[in-house]
């Protein structure tokens with residue numbers, strides 16, 4: 001704040017801030033009562049459409065005044081502002097009367113619309129009736145009810161353009177626009193079509209911005225006075241969006257995006273905003289179930305606990321604790337994940353604990369720990385605002401992480417350099433300056449080619465490399481020894497295009513990278529992550545705003561589950577369970593004898609079960625039958641167990657195989673914390689009470705620990721968070737209270753100060769380390785490409801989430817009701833396949849029938865599909881080949897062959 005620079009409101013001085021508009025200055029100094037607004041929206045650019053915010057301004061006291069729109073006029077030193085002069089009050093009343101000619105007059109007085117913002121502004125300026133007749137004949141326009149979530153009644157539209165600006169500036173879809181002139185001007189969707197026929201992605205930003213319900217969502221009714229609004233965190237991807245949840249009579253009525261959120265100001269995707277109705281769906285399991293004689297029988301909680309306890313004690317006595325394993329859930333809060341690993345270690349006595357990070361981002365954690373010392377994002381997503389170059393490799397964030405994807409797209413539209421490395425033409429690829437459409441599985445070869453040109457073009461940041469890294473000379477010699485002709489052939493990408501992209505990244509003042517499962521879910525996933533880290537180090541893009549390595553986490557709390565110790569080699573806080581000092585620390589803290597050897601990772605759990613070396617598994621909230629690779633092998637492994645306990649919301653494909661099912665609570669019924677992909681720990685607040693018969697997962701774990709004889713205190717999220725802060729070093733300064741509404745990015749010190757940027761002065765491990773990597777063709781292709789010439793690569797869609805357990809129980813299924821197979825036109829022609837035909841896809845593991853969609857998004861020889869629907873079960877095709885270091889499955893390279901299916905396509909909506 002510049003205290004020596006003053007401006008005057010009604011002749012009273014106030015300090016001004018750099019870059020403020022008059023409206024911002026007056027609101028900050030005097031609150032929001034002096035100047036009403038209609039077209040202005042926080043976090044949207046000033047627009048000046050309605051002029052309701054007009055004020056009188058003079059350059060000196062008693063000087064001549066002029067009328068200006070305060071929303072986009074900068075405040076200046078010495079300026080005298082009169083927000084409520086008689087001339088201004090008269091002008092505002094006249095403007096509102098004119099606006100009302102474009103709006104049904106009954107909206108001004110009808111109780112049903114008592115929350116209409118236009119009504120509020122009209123009341124503030126003193127308008128109770130309009131003197132003017134309707135200015136145009138549109139007050140009986142047909143409503144658009146085509147979409148399951150979005151509606152429009154443009155008879156209420158006042159042409160403020162807030163919806164258009166939200167679509168453009170928040171989501172970047174440019175679906176809405178203004179057509180016509182004068183009295184004929186109106187909002188249109190796409191080429192003047194309906195919501196469902198347009199390219200709308202259902203983010204709801206337009207509905208949230210609309211002041212009159214001309215565009216609205218089906219849940220957010222202006223006529224309903226809710227009992228309360230509660231801030232919590234989304235249950236879907238790792239962006240960690242904040243939600244303002246409206247509750248009426250103990251039920252969720254709607255969800256909006258808070259404008260003051262650091263993660264998602266005024267923005268959500270359709271899953272976060274709309275796909276919440278699963279929480280009280282009739283399919284919810286509402287009582288414990290025990291399988292007897294092949295059928296599930298209802299049981300009490302005590303009966304279930306007694307049964308489980310007896311079985312676990314029997315297995316421990318007869319076989320030992322290492323015959324029991326657990327899989328925790330990245331959909332559960334930190335506190336519940338912490339308890340799960342503590343249960344397995346301190347109560348059962350085994351390190352056989354893992355989580356879904358094993359099958360998605362375990363190479364990220366391992367690769368970044370090896371190079372940097374910390375396996376987490378180095379920067380914040382908001383750093384996109386200050387970067388000059390964005391590298392997106394193996395990720396499709398507009399579908400899988402939509403809020404982050406929109407930010408990347410917006411930056412690219414504004415000409416921030418965007419490089420996309422991906423086998424598919426994703427939405428971001430259309431906005432990219434460079435799209436390197438490589439063959440699946442060749443990331444290592446591609447990045448080595450990148451390094452070759454960075455070195456050859458003298459783009460190495462020598463001072464950074466010399467002062468903060470080690471191993472560079474050996475790495476450099478390895479890169480220069482490679483055959484670039486061979487690398488070009490392996491990747492299938494023109495070397496000149498790679499050279500241009502490498503120069504763009506290497507010469508940028510600030511460059512940041514984003515990577516996803518297209519990097520990690522490969523046999524060389526860990527190698528690729530280490531090369532991405534090397535790329536940041538070789539160019540000095542570490543330790544300041546707008547740079548760094550930023551993995552896009554696939555599930556809402558995959559970062560937190562790993563932080564809490566849900567892996568077999570590291571306990572809570574990533575402390576080595578085999579280290580004598582760390583082992584003693586854990587034993588003293590838990591007051592129990594703990595195992596010292598590394599436990600099973602998830603693939604090893606299945607292998608051990610098949611070999612009768614594992615007798616029991618406990619799975620929380622993971623549908624491994626549908627999401628893990630080689631489905632039939634997973635089913636065989638789980639079926640061999642003596643005891644399979646599943647904590648779930650619904651009867652999933654995995655739950656069907658359970659011995660005991662324990663019905664648990666959804667995220668809306670819980671308290672705790674989630675940690676998003678940028679290390680931001682945020683409070684999850686209970687919105688509604690858990691359904692009768694169900695329990696929060698943390699309460700279940702606490703009660704089973706107590707049944708097994710361990711003195712775990714009764715469950716409370718805040719109590720467990722306090723315990724976590726005592727054992728996890730980077731949670732040391734976190735308390736429930738100091739997280740506030742926007743959370744803190746770990747590490748958090750004793751004083752509660754968080755760390756938005758890692759590795760500013762030094763790396764966690766000291767010197768950053770370069771690791772040379774050599775491309776190796778996947779064993780899958782080495783062994784099977786002759787008989788299975790196609791490559792299937794899996795991905796996610798915008799409308800659904802993972803195995804679709806939650807989203808398929810919402811109206812999202814009306815938007816996308818099936819998985820489809822993308823196939824290049826040349827391949828489709830060769831195999832006589834048309835869009836809509838059923839195709840049989842066969843791999844060495846099995847085959848599936850799936851509907852074809854001809855698309856140039858994939859290259860010839862490449863097939864792509866999602867895995868959201870159990871009717872297809874695409875993981876019948878995928879192999880159990882894994883990254884050799886992290887044991888992350890290779891979902892992205894599956895050898896396959898295709899033929900036109902003899903079966904006829906059946907509409908999935910027909911039951």
Next item on the list: Would you confirm whether any residue within the range 89-110 is at pLDDT 85 or above, exposed (fewer than 13 other Cβ atoms within 10 Å of the Cβ) and not assigned by TED's automatic domain parsing to the domain that holds residue 13?
Entry: yes
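For every residue, the table says whether it meets (1) surrounded by 23 or more Cβ atoms within 10 Å (Cβ to Cβ); (2) free of Cβ contacts under 8 Å to residues at least 60 places away in the same chain; (3) in contact with a strand residue (DSSP E or B) (Cβ under 9 Å, 6 or more places away or on another chain); (4) in the same structural domain as residue 376 (by TED's automatic domain parsing).
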| residue | (1), (2), (3), (4) |
| --- | --- |
| 594 | no, no, no, no |
| 602 | yes, no, yes, no |
| 629 | yes, no, yes, no |
| 639 | no, yes, no, no |
| 662 | yes, no, yes, no |
| 669 | no, no, no, no |
| 674 | yes, no, yes, no |
| 679 | yes, no, yes, no |
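Within the range 184-201, does at least one residue satisfy the condition of being in a loop (DSSP other than H, G, I, E, B), buried (at least 24 other Cβ atoms within 10 Å of the Cβ) and at positive phi? Reasoning before the result, please.
Step one: list which residues in the range 184-201 are in a loop (DSSP other than H, G, I, E, B), which gives 185, 190-192, 194-201.
Of the ones still in play, those that are also buried (at least 24 other Cβ atoms within 10 Å of the Cβ) are none.
Within the range 184-201, not a single residue is in a loop (DSSP other than H, G, I, E, B), buried (at least 24 other Cβ atoms within 10 Å of the Cβ) and at positive phi.
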Check: So how many residues does the range 315-337 have that are under 20 Å from residue 583 (Cα atoms) and assigned to a helix (DSSP H, G or I)?
Finding: 3
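Somewhere in the range 1-21, is a residue within 20 Å of residue 209 (Cα to Cα) and under 39 Å from the mean Cα position of the chain (by Cα)? It would help to see each step written out before you state the result.
Step one: list which residues in the range 1-21 are within 20 Å of residue 209 (Cα to Cα), which gives none.
Taking every residue of the range 1-21 in turn, none turns out to be within 20 Å of residue 209 (Cα to Cα) and under 39 Å from the mean Cα position of the chain (by Cα).
Inspect all residues belonging to the range 129-145 and state whether any of them is outside any loop (DSSP other than H, G, I, E, B), more than 30 Å from residue 814 (Cβ to Cβ), at pLDDT below 70 and more than 33 Å from the chain's Cα centre (by Cα). Steps first, please.
Of the range 129-145, the ones outside any loop (DSSP other than H, G, I, E, B) are 144.
Pick out the ones that are also more than 30 Å from residue 814 (Cβ to Cβ) and you get none.
There is no residue in the range 129-145 that is outside any loop (DSSP other than H, G, I, E, B), more than 30 Å from residue 814 (Cβ to Cβ), at pLDDT below 70 and more than 33 Å from the chain's Cα centre (by Cα).
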Item checked: Among (1) in a loop (DSSP other than H, G, I, E, B); (2) crowded, with 21+ Cβ neighbours inside 10 Å - the single one residue 691 does not satisfy -> (2)
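Against the condition modelled with pLDDT of 95 or more and touching a helix residue (DSSP H, G or I) at 6+ places or on another chain (Cβ under 6 Å), how does residue 343 come out, does it pass? Steps first, please.
Working: modelled with pLDDT of 95 or more: yes; touching a helix residue (DSSP H, G or I) at 6+ places or on another chain (Cβ under 6 Å): yes.
Judged against the criteria, residue 343 is a match.
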Check: Looking at the range 261-275, which of the residues that are assigned to a helix (DSSP H, G or I) and under 11 Å from the mean Cα position of the chain (by Cα) is surrounded by the fewest Cβ atoms within 10 Å (Cβ to Cβ)?
Finding: 271
Next item on the list: Please tell me if residue 582 is over 20 Å from the mean Cα position of the chain (by Cα) and under 25 Å from residue 876 (Cβ atoms).
Entry: no
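Go through 263, 245, 225 for me and flag whichever is farther than 30 Å from residue 652 by Cα and at pLDDT 95 or above.
Numbers: 245 fails: farther than 30 Å from residue 652 by Cα; 225 fails: at pLDDT 95 or above.
Going through 263, 245, 225 in turn, just one is farther than 30 Å from residue 652 by Cα and at pLDDT 95 or above: 263.
Report the residue count in the range 338-357 for those that are assigned to a helix (DSSP H, G or I) and either under 18 Å from the mean Cα position of the chain (by Cα) or farther than 16 Å from residue 601 by Cα (or both).
Within the range 338-357, the first condition is being assigned to a helix (DSSP H, G or I), and the residues that meet it are 338-348, 356-357.
Then keep just the ones that are either under 18 Å from the mean Cα position of the chain (by Cα) or farther than 16 Å from residue 601 by Cα (or both); that gives 338-339, 342-343, 346-348, 356-357.
Here the count works out to 9.
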Notebook entry, point to check: crowded, with 20+ Cβ neighbours inside 10 Å, in contact (Cβ under 8 Å) with a residue 24 or more places away in the chain and under 20 Å from residue 807 (Cβ atoms), is that true of residue 210?
Noted result: no
Next item on the list: Select the helices (runs of 4 or more DSSP H) contained entirely in the range 408-482, then report the ones holding at least 1 residues which are on the phi > 0 side of the Ramachandran plot and in contact with a helix residue (DSSP H, G or I) (Cβ under 6 Å, 6 or more places away or on another chain).
Entry: none
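Just to be sure, is residue 843 in contact with a strand residue (DSSP E or B) (Cβ under 9 Å, 6 or more places away or on another chain), over 24 Å from residue 427 (Cβ atoms) and modelled with pLDDT under 95? So that I can check it myself, show each step before the final result.
Working: in contact with a strand residue (DSSP E or B) (Cβ under 9 Å, 6 or more places away or on another chain): yes; over 24 Å from residue 427 (Cβ atoms): yes; modelled with pLDDT under 95: no.
It is false that residue 843 is in contact with a strand residue (DSSP E or B) (Cβ under 9 Å, 6 or more places away or on another chain), over 24 Å from residue 427 (Cβ atoms) and modelled with pLDDT under 95.
Is it true that residue 299 is crowded, with 24+ Cβ neighbours inside 10 Å and at negative phi? Walk me through how you get there before you give the answer.
Values: crowded, with 24+ Cβ neighbours inside 10 Å: no; at negative phi: yes.
No.
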Item checked: Any hit, the range 298-309, residues being within 23 Å of residue 578 (Cα to Cα), at pLDDT 95 or above, assigned to a helix (DSSP H, G or I) and not assigned by TED's automatic domain parsing to the domain that holds residue 239 -> no
Next item on the list: Return a yes/no flag: does the range 642-651 have any residue that is part of a helix (DSSP H, G or I) and not assigned by TED's automatic domain parsing to the domain that holds residue 885.
Entry: no
Checklist line | Verdict on residue 215 being buried (at least 23 other Cβ atoms within 10 Å of the Cβ) and modelled with pLDDT of 95 or more | finding: no
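Quick one: count up the residues across the range 499-523 that are over 21 Å from residue 408 (Cα atoms) and over 24 Å from the mean Cα position of the chain (by Cα). Steps first, please.
First, the residues of the range 499-523 that are over 21 Å from residue 408 (Cα atoms): 499, 521-523.
Checking which are over 24 Å from the mean Cα position of the chain (by Cα) leaves us with 499, 523.
Of the residues in that region, 2 qualify.
What do you reckon, is residue 554 crowded, with 23+ Cβ neighbours inside 10 Å and modelled with pLDDT under 95? Steps first, answer last, please.
On the way: crowded, with 23+ Cβ neighbours inside 10 Å: yes; modelled with pLDDT under 95: yes.
Criteria met by residue 554.
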Margin query: Scan the range 850-860 and tell me whether some residue there is modelled with pLDDT under 95, surrounded by 21 or more Cβ atoms within 10 Å (Cβ to Cβ) and under 30 Å from residue 171 (Cβ atoms).
Written below: no
Notebook entry, point to check: Can you tell me which residues in the range 364-379 are crowded, with 24+ Cβ neighbours inside 10 Å and either out of contact with any helix residue (DSSP H, G or I) (no Cβ under 7 Å at 6 or more places or on another chain) or part of a loop (DSSP other than H, G, I, E, B) (or both)?
Noted result: 372, 375, 376, 377, 378, 379
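The values are calculated or read from the model by the stated rules, or taken from the named source; none is laboratory data. Because the structure is a prediction, the values reported are computed rather than measured. Ideal geometry is used to build each Cβ from the backbone, glycine not excepted, and the neighbour counts take in all protein chains shown.
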